[in-house]
Amino acid sequence: MKNNIIAFVLFLILCNTAVANVTLPNVLSDNMVLQRNSEVTIWGWANPQEEVIITPSWNNQEYKIKASNQAKWEMNIPTPKEGGPFTISINGYNEIVLKNILIGEVWICSGQSNMEMSASWGIENGDEEVKKVTNPNIRFFMIPKLTATSPQNNVSGNWKECTPETMKYFSATGYFFAKRLQEQLKNVPIGLIGSNWGGTPAEIWTPEEVIQKDTVLLENSKTRKEERYGPNQPGRAFNAMIYPLTRFKIAGVIWYQGESNVGSTVYDKTFSALITSWRVLWNYEFPFYYVQIAPYKYGENHFGGVEIRNAQRKVLQEISNTGMAITSDISPIDDIHPKDKKSVGIRLANLALVNTYKTNSDVVNGPLYKGITIDKNKVVVSFDYAEGLHFTAKKSNQFEIAGADNVFYEAEAVIKKSTVILKTDKVLQPKKVRFAWKNTAQSDLFNKVNLPASSFISE
């Protein structure tokens with residue numbers, strides 16, 4: 001009799017485990033923000049052929065889907081304009097109710113330590129900012145540092161409301177970006193997904209197959225040395241910290257990285273491949289706004305840093321729907337982690353407000369190199385966003401010109417409307433121009449909104 005009871009209990013346990021509960025990825029959870037005015041994907045796992053019914057409270061409609069023979073399901077659901085809080089109930093053999101959901105704008109905050117840097121690191125005015133941040137309409141999803149050798153289908157983390165405790169350990173640049181968006185978008189909820197890792201090169205955030213299929217990128221990736229504080233193999237952070245998000249609808253990405261690629265001569269190609277590959281996986285050309293790395297004294301290498309800054313400038317021309325925040329004026333050259341993260345977040349947000357949200361038509365870029373015209377022994381350098389062009393001192397010593405021998409000499413620089421006219425007696429037949437061409441050069445050329453010009457070298 002006793003053996004029969006045990007057998008019956010075991011039978012019941014086996015029956016119950018045969019009916020798999022509906023489960024969801026961690027990014028679909030309480031407190032999340034979903035992208036407004038769009039179609040978002042709700043996905044997860046269940047028994048093969050199990051019917052899953054999804055009911056969002058903003059319209060109370062039922063959306064039905066059966067799990068595939070791979071035990072997966074996904075459904076696209078329309079979202080309304082901004083608002084909340086809402087719930088979503090998901091019913092299979094079990095029921096999941098997601099609570100306190102907001103509809104708004106979702107941005108990924110990625111890169112290396114300057115994006116990771118939080119108020120807890122000691123940012124400018126950090127203690128004061130932390131005290132006044134309680135804002136339930138800003139939400140954070142922080143992804144821990146993870147690696148994988150193949151793309152993963154889930155990632156650790158959970159959504160949290162913005163409080164002094166949560167903001168203190170989240171990306172400060174991300175927070176100030178969200179705060180500025182909210183001020184201009186009339187309190188639209190903002191969801192930020194923090195996926196960043198200090199000291200990491202761009203290659204680890206790029207799909208491995210993208211690197212493997214490109215001879216130039218592959219050879220360059222082989223020059224990366226093993227580091228103590230993070231992976232150097234292509235794709236390792238992408239697989240674990242980005243790929244699991246690719247079904248989650250986003251407004252765009254903000255990116256703050258490049259210091260760990262100093263020394264690369266192909267960073268523009270690497271960075272372009274990263275942006276393009278992410279857009280392919282999300283299946284739309286979302287905006288990608290990034291911070292140009294700041295001037296810094298990189299040891300004996302006098303040009304490795306400025307070459308990355310120039311590569312980042314070139315990506316603006318090569319990849320559409322991108323924007324670059326220049327920070328040479330707010331970054332001391334002896335600190336690779338500049339503490340003024342508020343200005344950085346605001347500059348990124350201003351790019352989004354003008355280019356993505358069209359809230360205004362303000363000038364949000366510093367002067368950007370457009371081209372050169374050579375007139376005998378003079379060179380005329382033209383710029384975009386050049387209204388109100390001026391030097392911070394009476395004259396500039398940051399422009400150089402070279403002849404066919406490629407030897408550069410400091411040039412006399414005179415501003416004429418939206419151009420700078422250069423000449424030097426040492427180069428009678430100029431061919432090339434460069435500006436602020438040192439690792440530590442802080443631009444002395446600004447426009448009417450007091451944003452600095454980027455370093456550049458003419459092709």
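The values are calculated or read from the model by the stated rules, or taken from the named source; none is laboratory data. Just so it is clear, the model here is predicted, and its values are computed rather than measured. Here Cβ is always computed from backbone atoms with ideal geometry, including for glycine, and neighbour counts include all displayed protein chains.
Tabulated results
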read-out: Qualifying residue in the stretch 225-235 (condition: within 14 Å of the chain's Cα centre (by Cα) and not in a helix (DSSP H, G or I)); value: no
read-out: Identity of the residue in the stretch 407-428, at pLDDT 95 or above and polar (S, T, N, Q), that ends up nearest to Lys376 (Cα to Cα); value: Thr424
read-out: Residue list for the stretch 402-423, restricted to those being outside any loop (DSSP other than H, G, I, E, B) and either of a type outside the set (A, V, I, L, M, F, W, C) or touching a residue at least 24 places away in the same chain (Cβ under 8 Å) (or both); value: Ala402, Phe408, Tyr409, Glu410, Glu412, Ile415, Lys416, Thr419, Val420, Ile421, Leu422, Lys423
read-out: Those helices (runs of 4 or more DSSP H) lying entirely in the stretch 258-376 with at least 2 residues without any contact (Cβ under 8 Å) to a residue 12 or more places away in the chain; value: 267-282
read-out: Index of the failed condition, Ser110 passing every other in (1) touching a residue at least 40 places away in the same chain (Cβ under 8 Å); (2) over 18 Å from the mean Cα position of the chain (by Cα); value: (2)
read-out: Qualifying residue in the stretch 58-66 (condition: modelled with pLDDT of 95 or more, of a type outside the set (Val, Ile, Thr), touching a Gly at 6+ places or on another chain (Cβ under 8 Å) and under 30 Å from Asn135 (Cβ atoms)); value: yes
read-out: Search result, residues across the stretch 89-129 that are in a helix (DSSP H, G or I), modelled with pLDDT under 95 and of a type in the set (D, E, K, R); value: Asp127, Glu128, Glu129
read-out: Among the candidates Val315, Val253, Val291, residue that is farther than 27 Å from Gly104 by Cα and in contact with a Phe, Trp or Tyr (Cβ under 7 Å, 6 or more places away or on another chain); value: Val315
read-out: Long-range neighbours under 9 Å by Cβ, at least six apart or interchain, first residue on the phi > 0 side of the Ramachandran plot within the stretch 152-179, second outside any strand (DSSP E or B) and hydroxyl-bearing (Ser, Thr, Tyr); value: Gly157/Ser29
read-out: Filter pass, Phe399 being aromatic (Phe, Trp, Tyr) and over 28 Å from Pro287 (Cα atoms); value: yes
read-out: Residue within the stretch 374-382 that is at pLDDT 95 or above and within 23 Å of the chain's Cα centre (by Cα) present; value: no
read-out: Residue in the stretch 198-213 that is surrounded by the fewest Cβ atoms within 10 Å (Cβ to Cβ), counting only those that are hydrophobic (A, V, I, L, M, F, W, C) and closer than 18 Å to Arg279 by Cβ; value: Val210
read-out: Qualifying positions in the stretch 70-99 - in contact with a Ser or Thr (Cβ under 6 Å, 6 or more places away or on another chain) and free of Cβ contacts under 8 Å to residues at least 24 places away in the same chain; value: Val97
read-out: Filter pass, Lys395 being outside the structural domain of Gly111 (by TED's automatic domain parsing) and surrounded by fewer than 19 Cβ atoms within 10 Å (Cβ to Cβ); value: yes
read-out: Members of the stretch 42-64 that are in a strand (DSSP E or B), touching a Lys or Arg at 6+ places or on another chain (Cβ under 8 Å), without any contact (Cβ under 8 Å) to a residue 40 or more places away in the chain and not hydrophobic (A, V, I, L, M, F, W, C); value: none
read-out: Verdict on Ala67 being more than 20 Å from Ile190 (Cβ to Cβ), crowded, with 19+ Cβ neighbours inside 10 Å and touching a residue at least 40 places away in the same chain (Cβ under 8 Å); value: no
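Listed here are the residues, each with its yes/no results for (1) modelled with pLDDT of 95 or more; (2) outside the structural domain of Asp127 (by TED's automatic domain parsing); (3) aromatic (Phe, Trp, Tyr).
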| position | (1), (2), (3) |
| --- | --- |
| Glu165 | yes, no, no |
| Ala178 | yes, no, no |
| Gly194 | yes, no, no |
| Thr200 | yes, no, no |
| Val210 | yes, no, no |
| Thr215 | yes, no, no |
| Arg228 | no, no, no |
| Tyr243 | yes, no, yes |
